[in-house]
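The values are calculated or read from the model by the stated rules, or taken from the named source; none is laboratory data. In this text the structure is predicted, and so the values were computed from the model without any measurement. When the accessible area is computed, the model is the full protein with side chains, heavy atoms only, and any ligands, DNA or RNA have been set aside. Shrake-Rupley method; radii C 1.70, N 1.55, O 1.52, S 1.80 Å.
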Amino acid sequence: MPLSEYEQRILRDLEGSLRDCEPRFAAIERRVQRRHRRLLLIILCSLAPLAGIGMIVLGALTGGGGLVLAVFGSVLLAAPCLGVGPLWTSRTTDRPSRETPRPGAELP
């Protein structure tokens, strides 16, 4: 059963006050949101080429309108290449650096 508008507003207020009072909760919540976003991106990047190949084949099998399908299929085939980059960059920037300081170097 969905929440009413009033209940949704109260829930948002409770979550906001909890985030303000508990920084650890806020950090965990951000981490979970990033994981879910990353998983969704992986799934979409996996399914888009399959849909693109299907559209290209369907475009090749149909007559005059098939060219439009083939073009959209090609776009879907190449689209995941644009979405995969953030997967690697966000993963490397989320973690703190583990470099060991050189002897005699100042610590941050």
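Conditions (1) assigned to a helix (DSSP H, G or I); (2) among the aliphatic types (A, V, I, L, M); (3) open to solvent by 100 Å² or more (accessible area, probe 1.4 Å), marked per residue:
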| residue | (1), (2), (3) |
| --- | --- |
| LEU14 | yes, yes, yes |
| ILE28 | yes, yes, no |
| CYS45 | yes, no, no |
| ILE56 | yes, yes, no |
| ALA70 | yes, yes, no |
| SER74 | yes, no, no |
| PRO80 | yes, no, no |
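Considering segment 1-42, and only residues there that are among the charged types (D, E, K, R) and within 30 Å of PRO80 (Cα to Cα), the residue that is farthest from the chain's Cα centre (by Cα) turns out to be GLU29.
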